[in-house]
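What follows is a single structure, written as structure tokens, with notes after it.
The values are calculated or read from the model by the stated rules, or taken from the named source; none is laboratory data. These numbers were taken from a predicted model, which means no experiment stands behind them. Backbone-built Cβ (ideal geometry, glycine too); neighbour counts: all protein chains shown.
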Amino acid sequence: MNNQSATKEKIFQAALSLFNSKGFSGTSMREIAKAAGVNVSTIFYYFDDKKGLLKECFVTFFEEYLNILEKGINQLENADPSIILKDVIHQLLDYQYRNYQLSRFVCREVSIDSQIVRETMTTYFRKERFFLQTLIETGTEAGVFRKVPSGIVVIQLKGMLNQPFLNSIYSAEVWNIYFQERYYIDQYKKQLENWVDLYLCNTKAIPLEEVIS
């Protein structure tokens, strides 16, 4: 990594840490500059302004996130859609776990209806929906998945993928689940696998008492 790339990355990480602890609106450019050990003018040089840093968070997170989904879609022709879906779920949760601070901030920020979120995220959201919907509908057409509304499935799956990072305090305080730890994310992946098997897969329905026993 050259000096310019290192400086840009240092600014980005300083901003991300402050955005997580103080919120985007509560963080000033001067605080970011101080934390990164640079002048405010250096931040403007690399990111234009604070909104530029926010956009960088979105782009950094979603480019790889969508890349994982696209790779899964490209494997559908030669594999069981349920296996592909489980693998995609594993990879997305692992990716968010490895980038916990970024994932937590992005999940929280995109839940806010702001102009910058709408301007930056519309294309990413549509791509995500397309990839997930394609995966679900392909599985349904192949007879692997039940005939359930794909839009509802996408919303449910999106919510479950975000849960560990958007509602981490709730999970920690109420359920004693700490998603910063490898053990818990692995257990969570198993639960989502069960959701795919019990809710989506086109097998004989399992009585509720057996599911929860």
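So here's what we get for this one:
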| item | result |
| --- | --- |
| Which listed residue is closer than 28 Å to V154 by Cα and either in contact with a Phe, Trp or Tyr (Cβ under 8 Å, 6 or more places away or on another chain) or of a type in the set (F, W, Y) (or both), from T27, T7, T60 | T60 |
| Residue within region 114-124 that is more than 30 Å from F145 (Cα to Cα) and among the hydrophobic types (A, V, I, L, M, F, W, C) present | yes |
| Region 162-186, residues that are surrounded by 12 or more Cβ atoms within 10 Å (Cβ to Cβ) and not hydrophobic (A, V, I, L, M, F, W, C) | N162, Q163, P164, N167, S168, S171, Y178, Q180, Y184, D186 |
| Q115 vs. criteria more than 30 Å from D80 (Cβ to Cβ) and exposed (fewer than 10 other Cβ atoms within 10 Å of the Cβ) | yes |
| Identity of the residue in region 70-111, surrounded by fewer than 19 Cβ atoms within 10 Å (Cβ to Cβ), of a type in the set (A, V, I, L, M, F, W, C) and in a helix (DSSP H, G or I), that ends up modelled with the lowest pLDDT | L76 |
| Among the candidates G72, G52, G26, residue that is closer than 30 Å to N202 by Cα and not β-branched (V, I, T) | G72 |
| Residue list for region 126-144, filter: hydrophobic (A, V, I, L, M, F, W, C) and at pLDDT below 95 | A142, V144 |
| Cβ pairs under 7 Å, 6+ apart, first in region 21-43 and more than 27 Å from I169 (Cα to Cα), second among the polar types (S, T, N, Q) | A33/N39; V38/T7; T42/T7 |
| In region 127-168, the residues that are out of contact with any strand residue (DSSP E or B) (no Cβ under 8 Å at 6 or more places or on another chain), farther than 22 Å from N99 by Cβ and part of a loop (DSSP other than H, G, I, E, B) | A142, G143, K147, V148, P149 |
| Identity of the residue in region 157-213, among the charged types (D, E, K, R) and more than 21 Å from the chain's Cα centre (by Cα), that ends up modelled with the highest pLDDT | D197 |
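Yes or no, residue by residue, for (1) over 18 Å from the mean Cα position of the chain (by Cα); (2) under 26 Å from S114 (Cβ atoms):
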position	(1), (2)
Q4	yes, no
K34	yes, yes
V40	yes, yes
D49	yes, yes
F61	no, yes
E64	no, yes
